[in-house]
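So the structure is just underneath, and the comments pick up after that.
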Amino acid sequence: MGYTLAQKIICKHLVKGDMVRGQEIAIRMDQTLTQDATGTMAYLQFEAMGIDRTKAELSVAYVDHNTLGSGFENADDHRYIQTVAKKHGIIFSRPGNGICHQLHLERFGIPGKTLIGSDSHTPTSGGICELGIGAGGLDVAAAMGGGAYYITMPKIIGINLVGTLKEFVSAKDIILKVLSMLGVKGGVGAIIEYKGEGIKQLSVPQRSTITNMGAELGATSSLFPSDEVTKQFMKAQNREKDWVEIKPDMDAEYDEEYTIDLSELVPLAACPHSPDNVKPVSELSDIKIDQVCIGSCTNSSMTDMLTVAAMLKGKTIHPDVSLSISPGSRQVYEMLSDCGALSDLISAGARILECACGPCIGMGFSPKSSGISLRTFNRNFLGRSGTADAKVYLVSPQTAAASAITGFITDPTACSKIPEVKMPEHFKINDNMFVLPASKEEAEQVVVEKGPNIKDIPVGKPLEDSIECPVLLKLGDNITTDHIMPAGSKILPYRSNVPKLSEYCFSVCDKTFPERAKKAGKGIIVASNNYGQGSSREHAALVPLYLGIKAVVTKSFARIHKANLINFGIVPLTFKNENDYDKIEMNDEIRIDNLIDSIKNGNEVILKTPTQNIPLVIDLTERQREILLCGGLLNYVKKG
Ligand code: MIC
Ligand code: SF4
């Protein structure tokens, strides 16, 4: 039997295990990336491992999330990351250089290589057939230390693209279509591969819009083949030498297959508050909007920006609409400026932001009270914009531009034709915002600067045999890490300060949680399906750990979050019978005994409430069991 793209790449990087779906495998990671909001923790953990220099072929520390700097905290974090990177062999991407995923695609990604990143959208690199996987900072630190990355061998979903996209219908509409078909947990445990004649019309940035939002499907990664289109892109980035052709074997087998006819696609929007709540834009045309935001790692490439500029040229945005534009990288920014398109955007009334994540993670540009915001981003979770009652719709740059002009959600296919926008044949290359690390000889002299915002990381204790505590929260389906540990401009500055962060834990769901947790001293969380979807932030495990959370009991978990819970010694358990979810209530005093033995040898434990005995499944690999018994990955690594 032939191999799919993912199987080809995994096979070349396999360190342990067999490529049998559902079995644990370990793969070597060629490249690592971090961003600043997760990077401080990743590097604190890397330092705690006592390793001198990254052992990956390439490690890059980007600064793109916390760039608002309304206090000393962000600047402290940036300086820490810059100095720690310099000392340990890591390239540092200065604030202002752009968004990690866009930059990595432009300057470093290589077809056929593996990349682990402390950000859930690391699979953006799948647009050039680099296998990108998002993980918690601790897993990235371990990969920098030369450790392999452990995952369950995913199933492979093949998505056949046929036909030709209509004008003003774009890559964003393709991935929104996939989201409407598979849902936010449809990709859990899977790698998604795109194939078929239809992929030829998609440029690398368009392909990356699609692989980027594979994260919203819960997928481990998403991949396009490396073909002539990839070669063109690499050539335009002056990196043709890094190009290799990679295509799936003719007789490759997929676990599931779907076909999308691109000629039938219409502009789509993900309605509040989930990326899979998808409707045709034409059905939303009565909705008046307050704000439009164009950018983020999903849609901030040169072609996206040129399309928007062409649509806005000579027009003025609607008086009731505030429009923000954040180009994805300085390359995009500079080229927009050189070709005059930036001026078209400015004259239309756009508010041009720096090239960074910005509004996508609630760093400024929060909508007005109950405001309606149209965003080209990838997540519209409740509260993520920074305004609790705002409603965010996720759309393509074309829909965003058309709507910014009319003030209503507008189907762009009704717009008049614009000049064809092509991917540039040559991008402007200027790598002067990447700072190279010190040589091995000089590294010893480098002093790592840790300002007062950088606090110690809580470390898990070896597992206790019994848990006796209250249920501190009972939650529903699809709880995101934005619910567990919100971000935004008020909270993000404390990503290196767990005690301070703990004041906001679960505040989107229940403002009394931090206080109740502190008072109880320990507790468990109960939730329904797909708990922990979204971001890779390990703070969503670290902070609950700090607040005394011992276990999380759910119907199912999202992949990265489950790994993060284990890495910090919180026990992830699932209901044996899903209906038992209804038999347990908030504030119930519960008890679980024989945990150590059950984790060592068994697959079940009994959770006792005052009235019920509920069987729970321990769905863990051998290695995960050992990590939990040690009280987390740091303890496990130290033990050797
Ligand atoms: C996000 O889009 O939610 C983030 C912010 O990029 C996160 C990382 C983080 O929380 O720092 C992600 O996607 O992993
Ligand atoms: Fe940044 Fe938003 Fe992309 Fe996350 S999803 S990396 S916050 S641009």
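The values are calculated or read from the model by the stated rules, or taken from the named source; none is laboratory data. Every value quoted in this text rests on a predicted model; they were computed, and no experiment measured them. Neighbour counts run over all protein chains shown; Cβ positions are idealised from the backbone, glycine included. Keep in mind that these areas ignore ligands, DNA and RNA; they rest on the heavy atoms of the full protein, side chains included. Shrake-Rupley method; radii C 1.70, N 1.55, O 1.52, S 1.80 Å.
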For 174-182, 510-518, ranked highest to lowest by mean beta-carbon neighbours within 10 Å, the order is 174-182, 510-518
Taking only the alpha carbons of region 419-459, the radius of gyration and the largest Cα-Cα distance, Dmax, both in angstrom, are 20.3, 57
Per-residue ellipticity at 222 nm attributable to helices in the chain (runs of n ≥ 4 DSSP H, -39500 (n - 2.57) apiece, nearest 500 deg cm²/dmol) works out to -8000 deg cm²/dmol
One can check that the equivalent ellipsoid of region 44-132, built from the alpha-carbon gyration tensor with semi-axes equal to the square roots of five times its eigenvalues, has lengths in Å, largest first, of 23, 18, 10
Amide H proximity to S322 below 5 Å, modelled H, separation 5+ or other chain, gives Q291, V292
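I need to check one value: relative contact order of the chain, counting alpha carbon pairs closer than 8 Å and at least 6 residues apart, in percent.
14
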Expressed in angstrom and ordered largest first, the alpha-carbon extents of region 448-513 along the principal axes are 41, 31, 20
Kirkwood calc, region 508-556, C-alpha pairs only, radius in angstrom 11.6
For the chain, the percent of accessible surface on carbon and sulfur atoms (probe 1.4 angstrom, ligands and nucleic acids excluded) is 48
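When Rg is the radius of gyration of the Cα atoms in region 496-585 and Rh is its Kirkwood radius, what does Rg/Rh come to? Mind showing how you got there, number by number?
Working: Rg = 12.7 Å, Rh = 13.4 Å.
That ratio is 0.95, to two decimals.
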Rg (one decimal) and Dmax (whole number) from the Cα set of region 381-472, in Å, equal 26.1, 68
On each of the three principal axes the extent of the alpha-carbon atoms of region 179-239, given in whole Å and largest first, is 37, 22, 15
Taking Lys and Arg as +1 and Asp and Glu as -1, residues besides E257 with C-beta under 11 Å from its C-beta add up to -3
Cα pairs beyond 14 Å in region 294-377, in percent, come to 60
Per principal axis, largest first, the Cα atoms of region 1-85 extend in Å by 57, 28, 22
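Over all directions, the average projected area of the alpha-carbon convex hull for region 316-461 comes to how many nm²?
14.8
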Ordering 444-452, 79-87, 616-624 by per-residue average of other C-beta atoms within 10 angstrom, highest first, gives 79-87, 616-624, 444-452
One can check that the equivalent ellipsoid of region 307-346, built from the alpha-carbon gyration tensor with semi-axes equal to the square roots of five times its eigenvalues, has lengths in Å, largest first, of 19, 12, 7
Short to long, in 5 Å steps from zero, the percent of alpha-carbon pairs of region 131-206 per bin is 3, 11, 19, 19, 15, 13, 10, 6, 3, 0
Residues meeting the amide H criterion for E449 (H placed from the backbone, H to H distance under 5 Å, 5 or more places apart or on another chain) are T83, V84
Simple SL model, points at 7 angstrom along Cα→Cβ for K639 and I596; separation in nm is 1.1
Rounded to whole angstrom, the alpha-carbon centroid of region 342-408 lies from that of region 255-302 at a distance of 14
In region 193-290, the GluC sites (Glu not before Pro) that sit in a DSSP loop and have at most 15 other Cβ atoms within 10 Å of their own Cβ are E245, E253
Mean projected area (nm²) from the convex hull of Cα positions in region 272-332 is 5.4
Using the Kirkwood formula on alpha carbons, the hydrodynamic radius of the chain in angstrom works out to 24.6
Checking rank on 462-475, 495-508, 536-549, with mean other Cβ inside 10 Å and highest first, the result is 536-549, 495-508, 462-475
Output row, site K455, 7 Å Cα→C-beta label point, backbone N cut-off 17 Å, window region 527-547, residues 538-547
Contour minus Cα-Cα span, K55 to E228, at 0.36 nm per residue, comes to 59.1 nm
In degrees, nearest 10, the alpha-carbon axis of helix 330-339 is tilted away from the dominant principal axis of the alpha carbons of the chain by 10
Quotient of Cα radius of gyration and Kirkwood radius for region 520-640, i.e. Rg/Rh, equals 0.94
A chain fully extended from N579 to E444 at 0.36 nm per residue, minus the present Cα-Cα distance, gains in nm 42.8 nm
Over its alpha-carbon atoms, region 30-187 yields an Rg and a Dmax in Å of 17.3, 55
PRE zone check, label point 7 Å out along Cα-to-Cβ of N432, amide N under 16 Å, scope region 71-105, hits 94-98
Length gained if E334 through A414 is fully extended, taking 0.36 nm per residue and subtracting the Cα-Cα distance, is 25.7 nm
For region 106-234, Rg(Cα) over 2.2 N^0.38 Å is 1.03
Between the Cα axis of helix 171-182 and the main Cα principal axis of the chain, the angle (0 to 90°, nearest 10) is 40
